[in-house]
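This report concerns only the one structure given below.
The values are calculated or read from the model by the stated rules, or taken from the named source; none is laboratory data. Here the structure is a predicted model, which means the values were calculated and not measured. Note: ideal-geometry Cβ built from the backbone for every residue, glycine included; neighbour counts use all protein chains shown.
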Amino acid sequence: MWSQITLVAAWFLYAAIARPKDPKHSSNHKARILQEPPQQGNLNTSTSTVQHVVAMKESDENDEVDSRRQGSDQRRTKAAKGPLEQVHDILRRSSSPSSDAALNLVPLKYEKYGQVLVVAPVECDVYPAALGAALCQVLKVNVIVTQSRSGGELRTPTRARVLYRATSDASTIATHNEHGTLYSFDVLKIMWSSGNVKERSKYGKQITASGEIVLDMFAGIGYFSLPLSTPPNPEKRPKLLIAIEKNSDSFHYLCHNFERARAQQQCCPFLLLNGDNRHMGDEYCGQCDRILMGYLPDTERFIPRAVEFASKTRVATLHFHFLHGTHENGAESCAEHFAKVLPTSNFKVMEVRKIKSYAPKIVHAVADVVLTL
C-alpha cells in the first residue's frame with residue numbers, strides 16, 4: 001500500500017519537473033506523456049515509463065551541452081589557427097589550377113612592414129596568383145617581396161624582387177611602426193634587421209642622451225638615432241644629433257624619417273650627412289658625448305675615427321657593435337679591440353649585450369664603452 005503511494009508521488013514529482021511552462025502551446029511529445037495519469041493496476045509500467053522519459057530528457061540535455069561544446073571548440077580551433085594555416089585552408093578550398101602548386105610555396109615564416117610582406121628566397125620568379133592573393137588577404141598586405149641577406153659595404157639586400165602585387169600600383173615602400181617610431185624605407189633597396197628590435201627599443205627609453213651631442217657613424221635610415229632623438233619627454237632629447245650615412249638610398253629615407261619627426265615636433269635638432277664618416281664631420285671631432293657604431297662586420301676598423309669624434313673634455317660613451325665567438329667572453333673580446341687603439345686606462349667596457357646569432361658559433365653583440373681621453 002505505502003509503496004504504491006510512494007511510487008505515485010514520485011510520478012507526480014517527475015511530471016511537475018518536466019511539464020512545460022505553457023502546455024497549451026507545447027508540441028513536445030515527451031512532455032505530454034508525463035501528463036497522462038497512470039493506470040491503477042499497472043504502477044510498475046508507469047514507473048518504467050517515467051524512468052524512460054526522464055532518461056530521454058537527460059539525454060537531450062547532454063546532447064545540447066555537447067553541441068554547445070563542439071561549437072565552442074570549433075571557434076577556438078579557428079581562432080587558434082595561425083595566418084599561414086589560414087592560407088593553406090584558402091588554397092585547399094580554391095578551384096584555381098595553380099592552388100596545388102601554390103601549397104608547396106607557402107612560406108614557413110615572413111616579416112611584415114606596413115603593407116609589404118617579406119619572405120625568404122624562393123626558386124620561382126613570381127608567386128602563383130592564388131598564393132599571392134591568399135597571403136595578401138590573410139596578412140592585410142598589398143605587395144610581397146623576397147630578399148636574401150644583406151651584403152657588401154653598404155649592406156644592401158641581395159636577390160630582392162617582387163613576387164606578387166595585389167594591384168598594379170602597389171608600392172614596395174613601407175612605413176614600419178616600431179615602439180611608436182616610424183621608419184619608411186624601400187624594401188627592395190634597404191635591409192631591415194628585425195633581430196635588432198630589442199636593442200632599438202632601449203634607445204630613447206633606457207638609453208637617453210639628455211643635453212648631449214650625439215654622433216651616429218652608421219645611421220642607415222635612423223635605426224638607432226631616430227628613437228634616441230625622439231623620446232616623448234623633450235628633456236631627455238640630445239642637444240644635437242649628427243647622423244652620417246654613406247648609402248644614398250638609405251640617406252634618402254633617413255632624411256624623410258627625420259623630417260617627419262621634426263614636422264610632428266618630436267625631434268631634437270639634427271644634422272644629416274651623406275658620405276663616409278672617415279672623411280666627414282671633422283668639425284665635430286673632440287665634441288661628441290655619445291657615439292653610435294651600429295655596423296657589421298669589422299666595426300673595429302672604425303674605432304680610431306670614433307676616438308677622434310669623442311669629447312676630450314667630458315666622458316664619452318660608445319655603443320659598439322661587434323662579433324665574437326660563442327666560446328669567448330664578450331667584454332674581453334671588446335676590450336682587445338680597443339686596447340689596440342687606446343691605453344687600457346682610457347676606456348672601460350661597462351656592459352655587453354647579445355643581439356642575436358650572426359653565424360654558426362658567432363654572436364652579434366653590442367658593448368657600452370666609456371672613454372676618458
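Summary table below
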quantity: Yes/no for LYS361 being within 27 Å of GLY151 (Cα to Cα) and surrounded by fewer than 14 Cβ atoms within 10 Å (Cβ to Cβ); calculated: yes
quantity: Members of region 155-172 that are surrounded by 18 or more Cβ atoms within 10 Å (Cβ to Cβ) and either touching a residue at least 40 places away in the same chain (Cβ under 8 Å) or of a type in the set (Ser, Thr, Tyr) (or both); calculated: ARG155, LEU163, TYR164, THR172
quantity: Residue satisfying all of: in region 309-341; surrounded by fewer than 21 Cβ atoms within 10 Å (Cβ to Cβ) and of a type in the set (A, V, I, L, M, F, W, C); nearest to the chain's Cα centre (by Cα) among these; calculated: LEU323
quantity: Only listed residue being within 23 Å of LYS198 (Cα to Cα), buried (at least 24 other Cβ atoms within 10 Å of the Cβ) and of a type in the set (A, V, I, L, M, F, W, C), chosen from PHE218, PHE224; calculated: PHE224
quantity: Conditions (1) in contact with a strand residue (DSSP E or B) (Cβ under 7 Å, 6 or more places away or on another chain); (2) more than 11 Å from MET217 (Cβ to Cβ); (3) surrounded by fewer than 20 Cβ atoms within 10 Å (Cβ to Cβ); (4) of a type outside the set (D, E, K, R); number of the one not met by GLN266; calculated: (1)
quantity: Hey, TYR127 of a type in the set (Phe, Trp, Tyr) and not in a loop (DSSP other than H, G, I, E, B) or not; calculated: no
quantity: Residues satisfying the stated conditions in region 282-332, i.e. within 15 Å of MET350 (Cα to Cα), among the small types (Gly, Ala, Ser) and assigned to a helix (DSSP H, G or I); calculated: GLY330, ALA331
quantity: Total residues in region 177-202, condition in contact (Cβ under 8 Å) with a residue 24 or more places away in the chain and either in contact with a strand residue (DSSP E or B) (Cβ under 7 Å, 6 or more places away or on another chain) or buried (at least 24 other Cβ atoms within 10 Å of the Cβ) (or both); calculated: 16
quantity: Tally of residues being aromatic (Phe, Trp, Tyr) and either assigned to a strand (DSSP E or B) or more than 18 Å from ASN277 (Cβ to Cβ) (or both) across region 234-252; calculated: 0
quantity: Answer residue from region 171-186, given it is assigned to a loop (DSSP other than H, G, I, E, B) and modelled with pLDDT of 95 or more and is nearest to the chain's Cα centre (by Cα) among those; calculated: THR172
quantity: Residue within region 239-250 that is of a type outside the set (S, T, N, Q), surrounded by fewer than 18 Cβ atoms within 10 Å (Cβ to Cβ) and modelled with pLDDT of 95 or more present; calculated: yes
quantity: Whichever residue in region 122-151 is in contact with a Ser or Thr (Cβ under 8 Å, 6 or more places away or on another chain) and surrounded by fewer than 16 Cβ atoms within 10 Å (Cβ to Cβ) and, among such residues, is nearest to VAL106 (Cα to Cα); calculated: VAL122
quantity: Residues (among the aliphatic types (A, V, I, L, M) and at pLDDT below 95) located in region 281-305; calculated: LEU296
